[in-house]
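Following: one structure in structure tokens, then a few remarks.
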Amino acid sequence: MSESRFVEANGIRLRYLEHGGDGPTLVLTHGLSANAHFFDGLVAGGLAPALHVLSFDLRGRGLSDKPTHGYSIEEHAADLLGALDALGLGRVLLGGHSFGGLLTFYLAAEAPERVERALVLDAPAEVDAKVRDQIAPSLARLDQTYPSRAAYLEFVRAMPYYAEGGWDDTLSAFYDAELEELPAGTVRSRCRPEQIREAVEGTLVIDWPAVAARVACPTLLLRTVDPYGPPGSPPIMSEEGARRTLARLRDGRLLEVPGNHVTFAFGARAVAVAQELVAFATGSGDKVGP
């Protein structure tokens, strides 16, 4: 059972989902235009109650405040550190998917005293401007309004990311959670495209290899092996990119899993992934594997 809560941090209000558990606290941050519900499949798959999971809506997403500007990695990091302070959390397990994975790298390097272990889900410590093309279909939905929730979910389900399957009720609920209803009865994403594009550009000015080289804590790097993006696109993280990132980390481990950048975290796949994440987070295994 999860509880939706709010915390004041860095001058804004952030929403987070608290999933009860008696284990160590795992703080999770989602991808570029996602929301805290992205992790629901992994939570149901076993992250909780093994771990006490807090998944955040980053600024501009979900039910968190949406300032007009301020979407750099530095501002996102200040938000999260402020939230940890406000919640009385000192040293935590920190994880993130995609953009949230970059944020995890950044915080583990800049605030090592706050991060015991890092779980980086499908985010290499290198960002190529070509990422704009891979995420274009996803960002296109932010510019549009839709006649109904059903119409929106039909549009999303038809995106190339799900051409090979992987859609389920939890994934549908994740996308439904990002919608807001407009006065005319239509719906649109709560994320504003100009703010998400500002976040993208902010990732391109960071020296990510240098950031990764400063991460000292044990770090799990998860790579999905299936294509993601328009037809012909590769996986988000290449095998070579994963190896380069791993070589820069002082204590890194690689986990390769089936599914693409989104579908790995939902359905039956989420159960196996959650087991590996719990094993790493709790230190119950010497290594992880597929």
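The values are calculated or read from the model by the stated rules, or taken from the named source; none is laboratory data. Since the model is a prediction, treat every value here as computed from it, not as a measurement. Glycine gets a Cβ as well: all are built from the backbone with ideal geometry, and neighbour counts include every protein chain shown.
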Has region 143-158 got at least one residue that is in contact (Cβ under 8 Å) with a residue 40 or more places away in the chain, closer than 23 Å to D40 by Cβ and out of contact with any strand residue (DSSP E or B) (no Cβ under 9 Å at 6 or more places or on another chain)? no
Any residue in region 18-33 that is surrounded by fewer than 24 Cβ atoms within 10 Å (Cβ to Cβ), touching a Leu at 6+ places or on another chain (Cβ under 6 Å) and without any contact (Cβ under 8 Å) to a residue 40 or more places away in the chain? yes
Given the conditions (1) of a type in the set (G, A, S); (2) assigned to a helix (DSSP H, G or I); (3) free of Cβ contacts under 8 Å to residues at least 60 places away in the same chain, and given that A78 satisfies all but one, which numbered condition is not satisfied? (3)
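Suppose we filter G96, G101, G46, G88 for residues that are farther than 30 Å from S238 by Cβ and small (G, A, S); which single one remains? Walk me through how you get there before you give the answer.
Working: G96 fails: farther than 30 Å from S238 by Cβ; G101 fails: farther than 30 Å from S238 by Cβ; G46 fails: farther than 30 Å from S238 by Cβ.
Selected residue: G88, the only one of G96, G101, G46, G88 that is farther than 30 Å from S238 by Cβ and small (G, A, S).
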Scan region 280-287 and tell me whether some residue there is among the charged types (D, E, K, R), at pLDDT 95 or above and either part of a loop (DSSP other than H, G, I, E, B) or exposed (fewer than 13 other Cβ atoms within 10 Å of the Cβ) (or both). no
Region 184-232 - residue that is under 20 Å from A242 (Cβ atoms), in contact with a helix residue (DSSP H, G or I) (Cβ under 9 Å, 6 or more places away or on another chain) and among the charged types (D, E, K, R) and, of those, modelled with the lowest pLDDT: D226
Restricting to region 199-245, and then to whatever is charged (D, E, K, R) and surrounded by 17 or more Cβ atoms within 10 Å (Cβ to Cβ), can you tell me which residue is nearest to R59 (Cα to Cα)? R223
What's the number of the condition I236 fails, among (1) more than 22 Å from H37 (Cα to Cα); (2) in contact (Cβ under 8 Å) with a residue 40 or more places away in the chain? (1)
Residue selected from region 61-88 under the condition over 24 Å from A109 (Cα atoms) and of a type outside the set (V, I, T), by the criterion surrounded by the most Cβ atoms within 10 Å (Cβ to Cβ): R61
Could you tell me which of the residues E256, E240 is out of contact with any helix residue (DSSP H, G or I) (no Cβ under 8 Å at 6 or more places or on another chain) and at pLDDT 95 or above? E240
